[in-house]
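First comes the structure, then the notes that go with it.
The values are calculated or read from the model by the stated rules, or taken from the named source; none is laboratory data. Keep in mind it's a predicted model, so treat the numbers as computed, not measured. So basically every Cβ, Gly included, is an ideal-geometry build from the backbone, and we count neighbours across all protein chains shown.
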Amino acid sequence: MDNRSGSVVIPAESVAKSPPDGYTLLVFASTFWLLPFLQDKVSYDPVKDFSPITLAVISPNILVVHPSLPVKSVKELIALAKARPGEINYASGITAASSHLAAELFKAMAGVNIVRVPYKQNAMAISGLVSGETQLLFSTKPLVDPHIRSGRLRALAIANAQRSAVAPELATVAASGLPGYEYASTIGLFAPAKTPEEIVRRLNQESARSLNTAETKKRFLDAGSEVVANSPEQFAADMKADMARMGKVIRNAGIRAE
């Protein structure tokens, strides 16, 4: 394990330039493939320079609101936001964090004008929401669950494609008023481009075997995540689809990496 400090560029460059022998791999979130939309002159190509192995896990976002906001469903939230354009604020962590991009995707798909209030850290964004400085937030479950259970925040829905064991009591955003919506924090595994197919297959199989053990799945679930462990082909397709979808959102919203 080699933890490289700084942005995704440093570890990505290192892996891209490594021998394609299966011994040097990259583990990173979706920032890896979205960075070319967020800043100019990125020194790697997430498609051409890497071989996807598997989407290891996802951490679905939960849409939460301050109890003072008079909505109890996604449908009601969209209706209120349309009735009060520019008056409802959402909290987010740093630029292009999951909390930020999930909200911008929501804005784009729902056709609403909600205003971002940025914080330096996710924990600060949650504190801002709990205190009533802002009115809604997208966050992974572990960060907001204590506040949901205490009643200081209200959970409206989970931003998964289907109901999730992470929060089985919550309906999806898509089923609650915004069809087609989903957004999750992701962790994927990559090898350098031109890694032989048999090596990619073996890495995929061994990764899936490890991730799908009962103990591993429980540990991830306890941390608010779901094991995916899909095929290289499905992961590549998912990545390209996310680049097309979120690239458009990023461009239209004028989001630039800090």
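Of everything in the range 127-152, what is under 21 Å from the mean Cα position of the chain (by Cα) and hydrophobic (A, V, I, L, M, F, W, C)? Give them in sequence order.
Passing the criteria: 129, 136, 137, 138, 143, 144, 148.
Within the set of pairs 6+ apart or on separate chains, which have a first residue in the range 141-161 that is outside the structural domain of residue 70 (by TED's automatic domain parsing), a second that is buried (at least 22 other Cβ atoms within 10 Å of the Cβ) and hydrophobic (A, V, I, L, M, F, W, C), and C-beta atoms under 7 Å apart?
Hits for this filter: zero, empty list.
Yes/no matrix, rows are residues, columns are (1) under 20 Å from residue 125 (Cβ atoms); (2) of a type in the set (A, V, I, L, M):
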| site | (1), (2) |
| --- | --- |
| 35 | no, yes |
| 42 | no, yes |
| 53 | no, yes |
| 64 | yes, yes |
| 77 | yes, yes |
| 81 | yes, yes |
| 86 | yes, no |
| 90 | yes, no |
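Residues of the range 74-128 being hydroxyl-bearing (Ser, Thr, Tyr) and closer than 17 Å to residue 157 by Cα, which ones?
90, 98, 99
So in the range 25-51, with the set limited to residues that are of a type in the set (S, T, N, Q) and surrounded by fewer than 17 Cβ atoms within 10 Å (Cβ to Cβ), which one is farthest from residue 246 (Cα to Cα)?
Result: 43.
Sort through 200, 166 and tell me the only one that's of a type in the set (A, V, I, L, M), over 19 Å from the mean Cα position of the chain (by Cα) and surrounded by 16 or more Cβ atoms within 10 Å (Cβ to Cβ). Reasoning before the result, please.
On the way: 166 fails: over 19 Å from the mean Cα position of the chain (by Cα).
Residue meeting the stated conditions: 200.
Determine which member of the set 29, 83, 96, 103 is at positive phi and of a type in the set (A, V, I, L, M, F, W, C). Spell out the reasoning first.
Details: 29 fails: at positive phi; 83 fails: at positive phi; 103 fails: at positive phi.
Of the residues listed, the single one that is at positive phi and of a type in the set (A, V, I, L, M, F, W, C) is 96.
What residue, of 215, 182, is under 18 Å from the mean Cα position of the chain (by Cα) and surrounded by fewer than 21 Cβ atoms within 10 Å (Cβ to Cβ)?
Details: 215 fails: under 18 Å from the mean Cα position of the chain (by Cα).
Step by step, each of 215, 182 is checked, and only 182 is under 18 Å from the mean Cα position of the chain (by Cα) and surrounded by fewer than 21 Cβ atoms within 10 Å (Cβ to Cβ).
Based on what the data block shows, is residue 250 more than 25 Å from residue 159 (Cβ to Cβ), in a helix (DSSP H, G or I), out of contact with any Ser or Thr (no Cβ under 8 Å at 6 or more places or on another chain) and among the β-branched types (Val, Ile, Thr)?
no
Check 215, 169 and return the single one that is outside any helix (DSSP H, G or I), among the acidic types (Asp, Glu) and free of Cβ contacts under 8 Å to residues at least 12 places away in the same chain.
Step by step, each of 215, 169 is checked, and only 169 is outside any helix (DSSP H, G or I), among the acidic types (Asp, Glu) and free of Cβ contacts under 8 Å to residues at least 12 places away in the same chain.
Could you please find all residues in the range 236-249 being out of contact with any Asp or Glu (no Cβ under 8 Å at 6 or more places or on another chain) and surrounded by 13 or more Cβ atoms within 10 Å (Cβ to Cβ)?
Matches in the range 236-249: 236, 237, 238, 239, 240, 242, 243, 245, 246, 247, 248.
Sort out which residues of the range 52-72 are touching a strand residue (DSSP E or B) at 6+ places or on another chain (Cβ under 6 Å) and under 23 Å from residue 171 (Cα atoms), and write them in order of number.
57, 58, 59, 60, 61, 62, 63, 64, 65, 67
In the range 181-204, is there at least one residue being outside any loop (DSSP other than H, G, I, E, B), within 30 Å of residue 52 (Cβ to Cβ) and of a type in the set (Asp, Glu)?
Taking every residue of the range 181-204 in turn, at least one turns out to be outside any loop (DSSP other than H, G, I, E, B), within 30 Å of residue 52 (Cβ to Cβ) and of a type in the set (Asp, Glu).
Can you tell which of 215, 258 is modelled with pLDDT under 95 and not small (Gly, Ala, Ser)?
Going through 215, 258 in turn, the sole match is 258.
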